[in-house]
Amino acid sequence: MRPAIIFGTRPEIIKLSPVIRAFIKNDIQPILIHTGQHYDYEMSSIFLEELELPEIDYHLEVGSGTQAEQTGIAMIKIEKVLMNEVPDVSIVQGDTNTVLAGALASVKLLIPVAHVEAGLRSFDRTMPEEINRILADHSSEVLFAPTLEAKKNLEREGIRENVFVVGNTIVDAVLQNSKIAEKKSKILSELGLEPKSYILVTAHRKENVDNKDRLKKLVDILTSLPMQVVYPVHPRAEKRLKEFGLWDRLKSSGVMLLKPLGYLDFLKLEKNAFIVMTDSGGIQEEAIILNVPCLTLRYNTERPETVKAGGNILVGVEKDLALRYVKKLIEDEAFYKRMASAKNPFGDGRSGERIVSILMTLWESGRLKVKTSNFITPQKA
Ligand code: UD1
Ligand code: UDP
């Protein structure tokens, strides 16, 4: 089998690394296509190095742009590679513009698409990610749903064939890397932080940082927290914080503003945080895997399993609500323990292996194909 793996952003590199490893273990070298949606060293290459991934076959250097520019340019460049390589399957992961471009370019060339992390829904169509997820799922032949809930979302939209509940590859990535991080990363001593003495924050989502009022509300929360705040800042957020004149306010309030971190340093910081506050999808998942309570700086989540399990609470950018929960977590030990011991709903860390094994079985039995129909609609004579 000749699979192509198409990716382009930080979370895709992290979450596809277990799939790439599983292919290599089975003596299959996937064709690696990096769109270049993320291009800064600390948003891309650092992960390729730390996760010891093989050389990328195609660097497409798509870069930044409007939604349509980025997606369109990625589609054009991906199509050229696919026409040249004609892989047996294109594998995409998650909900970025790279995913949409990869899925559309592939299915239109009749190359079957396998979507990893299929079936997530926030039910908020104002998010670019929601549109990407829906369209990628409906372009896919094979859908790897992380949970039963995700599978049910697909069923509701009429997608029932070739849906496999395999867990989320983020568990594989966390388990494969947190021991290495524990040993290798010196981030706590470098920053002078004691375990469980700080709140780890990340915020980068378009709906939070591109809107001045909303970002101001977020900054109001971060500058009022009763504990040291550590915030590795995504480039989108840095740009907006500076543009809206909020960067200096955060800095002078004592918030530790850092460049985006590599995976090993980030995992170490995350595992040792008192709590995390985030709008990231992947970090909501990692927090429950690492037994760290999570307050999500959003009004909805496509990871409702984390909320149902009791490890995650949505606080939006509501200052009173957020501060009330932070205070409760500090003062009420039983409440803290309950959140921290919530059960990880994303599987056992063998999702990468399962995905590869299912794809190989489908391919060997000739079922890895874009479906055609021989059904003739009855017509009146
Ligand atoms: C994208 C995904 C989002 C995901 C995030 C992961 C979409 C629609 N959004 O958002 O779902 O959570 O990746 O981190 O695909 N920039 C740099 N250097 C880089 C990359 C980006 O400076 O290496 C800056 C540019 O100013 C760019 C902005 O960040 O315009 C946004 O980047 P983009 O890739 O469009 O979206 P993300 O916010 O990263
Ligand atoms: N991450 C990282 N360094 C950072 C921030 C995040 O390595 O400074 C990792 C984090 O551990 C998680 C992933 O990046 O695995 C999440 O990516 P991001 O928040 O950018 O995207 P999302 O998951 O929201 O799509």
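The values are calculated or read from the model by the stated rules, or taken from the named source; none is laboratory data. These numbers were taken from a predicted model, which means no experiment stands behind them. Glycine gets a Cβ as well: all are built from the backbone with ideal geometry, and neighbour counts include every protein chain shown. To get the accessible areas, we keep the full protein, side chains included, count just its heavy atoms, and leave off ligands, DNA and RNA. Shrake-Rupley method; radii C 1.70, N 1.55, O 1.52, S 1.80 Å.
Brief remarks follow.
- Here Val276 meets the list (1) farther than 24 Å from Ser45 by Cβ; (2) outside any strand (DSSP E or B) almost entirely, failing just condition (2).
- Within region 54-86, the set of residues being open to solvent by 70 Å² or more (accessible area, probe 1.4 Å), part of a helix (DSSP H, G or I) and among the small types (Gly, Ala, Ser) comprises Ala68 only.
- Qualifying residues in region 255-273 (those that are within 13 Å of ligand 1 (Cβ to nearest atom) and part of a loop (DSSP other than H, G, I, E, B)) - the one nearest to Thr126 (Cα to Cα): Pro260
- Among the residues of region 15-34, none qualifies, meaning not one is near ligand 1 (Cβ under 10 Å from one of its atoms) and in contact (Cβ under 8 Å) with a residue 40 or more places away in the chain.
- Residue list for region 188-207, filter: surrounded by fewer than 21 Cβ atoms within 10 Å (Cβ to Cβ), more than 25 Å from Gly119 (Cβ to Cβ) and not basic (Lys, Arg): Leu188, Ser189, Glu190, Leu191, Gly192, Leu193, Glu194, Pro195, Ser197
- For Pro128, the criteria (1) under 28 Å from Pro232 (Cβ atoms); (2) open to solvent by 20 Å² or more (accessible area, probe 1.4 Å); (3) more than 13 Å from ligand 2 (Cβ to nearest atom) hold in every case but one, which is (3).
- Among the residues of region 87-121, those that are under 15 Å from Ile5 (Cβ atoms), among the hydrophobic types (A, V, I, L, M, F, W, C) and either in contact with a Leu (Cβ under 8 Å, 6 or more places away or on another chain) or surrounded by fewer than 24 Cβ atoms within 10 Å (Cβ to Cβ) (or both) comprise Val89, Ile91, Ala103, Ala105, Ile111, Ala114, Val116.
- Among the residues of region 9-58, the one identified as on the phi > 0 side of the Ramachandran plot and under 18 Å from the mean Cα position of the chain (by Cα) is Gly36.
- One residue stands out in region 35-46 among those that are farther than 23 Å from Leu175 by Cα and in contact (Cβ under 8 Å) with a residue 60 or more places away in the chain: the one that is farthest from ligand 1 (Cβ to nearest atom), namely Thr35.
- Taking the listed residues Val276, Val255, the one that is buried (at least 23 other Cβ atoms within 10 Å of the Cβ) and touching a residue at least 12 places away in the same chain (Cβ under 8 Å) is Val276, with no other qualifying.
- The set of residues in region 43-53 that are open to solvent by less than 40 Å² (accessible area, probe 1.4 Å) and assigned to a helix (DSSP H, G or I) comprises Met43, Ile46, Phe47, Leu48.
- Residue in region 370-380 that is at pLDDT below 95, open to solvent by 30 Å² or more (accessible area, probe 1.4 Å) and closer than 18 Å to Ala118 by Cα present: yes
- Near pairs, Cβ below 6 angstrom, 6+ apart or cross-chain, from region 196-207 (among the charged types (D, E, K, R)) to any residue that is more than 10 Å from ligand 2 (Cβ to nearest atom): Lys196/Phe274
- Scanning region 208-234 for residues being open to solvent by 50 Å² or more (accessible area, probe 1.4 Å) and more than 21 Å from Lys328 (Cβ to Cβ) gives a total of 5.
- Among the candidates Thr372, Thr377, Thr301, Thr361, residue that is of a type outside the set (D, E, K, R) and assigned to a helix (DSSP H, G or I): Thr361
- Among residues of region 239-253, those that are part of a helix (DSSP H, G or I), farther than 18 Å from Leu269 by Cβ and not basic (Lys, Arg), counted: 5
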